[in-house]
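Notes follow the structure.
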Amino acid sequence: MRIFGGGVGVGALEEADRGLIDANLGAHVFKKRVGVDGRGKRGGLRTLLAYRKGERAFFVFGFAKNERADVSHKGLLTLKLMASELLGYDARTLAQALRAGELHEIKSHE
């Protein structure tokens, strides 16, 4: 699977592939908690992913639990549109976005 976005961890996507997600928000947008700086998931970040199991995953938004409760309805609609666009990228478009620095690929250690 190819993973794109911030450097919050391949482990989160490995968990998602096993069905360990925090919420399915619809239209291929998922909420996943990730631990940072040894604080574990409870004190870590909430990430929103554009995700299609076994294919691609994009970290599209992240926030600390103490910074905000959740994303707004309008924000969620925007994220769903973004997920549709990102997951629909063909190989050429994806390569262009990577070269332009618009996306960053996270490599697993497999």
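The values are calculated or read from the model by the stated rules, or taken from the named source; none is laboratory data. Since this is a predicted model, take the numbers as computed values, not measurements. For neighbour counting, all protein chains shown are included, and Cβ atoms are generated from backbone atoms with ideal geometry for every residue, glycine included.
Before moving on, here are some points about what is shown:
- Taking the range 1-65 as the region of interest, the strands (runs of 3 or more DSSP E) fully inside it that hold 3 or more residues being within 15 Å of G75 (Cβ to Cβ) and modelled with pLDDT under 90 are 56-64.
- Listed by first and then second residue, the pairs linking a residue in the range 82-110 that is modelled with pLDDT of 95 or more to a residue that is assigned to a helix (DSSP H, G or I), with Cβ atoms under 8 Å apart and 6 or more places separating them unless they lie on different chains, are Y89/A97.
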